[in-house]
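Engineer: Once you've had a glance at the structure underneath, I'll fire off some questions.
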Amino acid sequence: MREPISDKSTAVPLRFEAAAGLDANALELFARVVQAGSFARAAHSLGQTRAAVSRRVAAMEALVGQPLLARTTRSLGLTEAGRRLAQHARAVLDAAETARGTIRATQAGFAGRLRISAAPSIGRTLLVPLLAEFQQLHPGLSYELLFNVRRMDLLREGVDVAFRITRKPPEDLVARPVVPFRISAYASPLRFAPLPDPTALSTTPLLLFGAARDNASTLLWRSGKHSKTVQVRGVVYSEDLDTLIALAMAGSGVVLTMDCSVAQQLDSGLLIDLLPNWHLPLAEGETVQALTLPFPVASESARALVRFVAERWHSKRQA
């Protein structure tokens with residue numbers, strides 16, 4: 001675009017009371033013409049004909065009462081009035097592009113940040129693989145992962161979703177069961193074979209979650225109407241479930257954990273279930289619940305994540 005051209009017509013003040021009647025579409029078109037430097041290039045970027053763009057600019061000039069562009073056979077130049085209007089038109093174009101970018105991001109996924117709370121045993125082994133899939137679907141989202149044993153106050157601490165094992169979720173929260181599970185004994189098939197019943201665990205090297213204990217732990221196993229009580233000791237104790245699972249895959253012992261926490265290892269054959277007909281029940285229940293604040297406080301992205309986890313895990317179990 002050439003420098004502004006000065007002549008008598010450009011000395012006339014721009015009638016901004018008329019310019020105020022220009023809508024955002026007209027101003028955006030004018031900004032694109034200025035940016036392109038020609039009607040032809042502007043028309044190409046807008047998907048319109050050169051004649052249509054020229055007519056619309058002419059209509060704008062008629063509205064403001066003076067020329068906005070000085071036309072030559074080779075280029076366009078801004079008049080003084082056009083230069084002043086171009087400043088406003090550029091602001092409209094920038095705002096429109098920003099809005100379109102936001103809409104595109106929203107259409108491709110959600111935007112903003114999700115604060116997610118979970119116990120480490122749930123977060124690292126169950127949620128992380130699912131979050132990786134969810135992030136690919138919604139790249140506009142960012143995450144703050146709060147994996148700790150402390151039960152956080154969703155409203156006071158700004159948590160969007162909390163994943164907990166509980167039979168009695170707080171009444172002021174919306175709870176949805178998302179992942180049913182069973183706790184069993186898992187080990188490498190290269191070192192261990194299925195056990196006849198849980199009593200065999202008393203002489204099996206166990207990798208136990210939690211702090212080390214001097215005394216044996218008593219575990220109550222169930223199979224239908226049958227139950228067996230077993231006293232066990234660990235050869236390794238850890239509050240990091242990932243470490244215990246890695247040791248189990250390496251053949252160091254048997255890890256007692258939720259099936260959902262070792263789903264990938266079971267699918268790939270790195271671990272096997274040593275007690276497929278038995279399970280270790282939890283007093284807190286055998287379902288991971290997703291807790292959110294009530295609608296409309298809970299964001300749509302938080303509710304979408306809950307639906308995704310529930311549906312994705314259901315499809316995994318059906319596969």
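Engineer: Does V161 satisfy being out of contact with any Gly (no Cβ under 8 Å at 6 or more places or on another chain) and at pLDDT 90 or above?
Structural biologist: Yes; evaluated as a whole, the condition is true for this residue.
Engineer: Residue by residue through the range 73-91, note down the ones that are in a strand (DSSP E or B) and out of contact with any Gly (no Cβ under 8 Å at 6 or more places or on another chain). Full working, then the answer.
Structural biologist: Of the range 73-91, the ones in a strand (DSSP E or B) are 76-79.
Result: G77, L78, T79.
Engineer: Out of A58, A62, A70, A43, report the one residue that is assigned to a strand (DSSP E or B), assigned by TED's automatic domain parsing to the domain that holds L27 and not acidic (D, E). Give the steps one after another, and end with the answer.
Structural biologist: On the way: A58 fails: assigned to a strand (DSSP E or B); A62 fails: assigned to a strand (DSSP E or B); A43 fails: assigned to a strand (DSSP E or B).
Result of the check over A58, A62, A70, A43: A70.
Engineer: Look through Q289, Q264 and report the one residue that is under 30 Å from L190 (Cα atoms) and touching a residue at least 40 places away in the same chain (Cβ under 8 Å).
Structural biologist: Q264
Engineer: Counting just the residues of the range 73-96 that are free of Cβ contacts under 8 Å to residues at least 12 places away in the same chain and closer than 18 Å to R41 by Cβ, which one comes out surrounded by the most Cβ atoms within 10 Å (Cβ to Cβ)?
Structural biologist: Out of the qualifying residues, it is R74.
Engineer: Please determine, by comparing only the residues of the range 264-319 that are under 16 Å from L130 (Cβ atoms) and among the aromatic types (F, W, Y), which one is modelled with the highest pLDDT.
Structural biologist: That would be F308.
Engineer: Taking the condition of being crowded, with 16+ Cβ neighbours inside 10 Å and either among the hydrophobic types (A, V, I, L, M, F, W, C) or without any contact (Cβ under 8 Å) to a residue 40 or more places away in the chain (or both), how many residues in the range 133-145 meet it?
Structural biologist: As a first pass, look at the range 133-145 and keep what is crowded, with 16+ Cβ neighbours inside 10 Å: 134, 138, 140-141.
Now restrict to residues that are either among the hydrophobic types (A, V, I, L, M, F, W, C) or without any contact (Cβ under 8 Å) to a residue 40 or more places away in the chain (or both): 134, 140-141.
Final tally of qualifying residues: 3.
Engineer: Okay, next question. Just checking, does the range 147-165 include any residue being closer than 30 Å to L270 by Cα, more than 20 Å from the chain's Cα centre (by Cα) and in contact (Cβ under 8 Å) with a residue 40 or more places away in the chain?
Structural biologist: yes
Engineer: Are any residues in the range 55-72 polar (S, T, N, Q) and crowded, with 17+ Cβ neighbours inside 10 Å, and if so, which ones?
Structural biologist: Of everything in the range 55-72, just one residue is polar (S, T, N, Q) and crowded, with 17+ Cβ neighbours inside 10 Å, namely Q66.
The values are calculated or read from the model by the stated rules, or taken from the named source; none is laboratory data. Remember, it's a predicted structure, so these values are computed and weren't measured experimentally. All Cβ positions, even for glycine, are placed from backbone atoms using ideal geometry, and neighbour counts span all protein chains on display.
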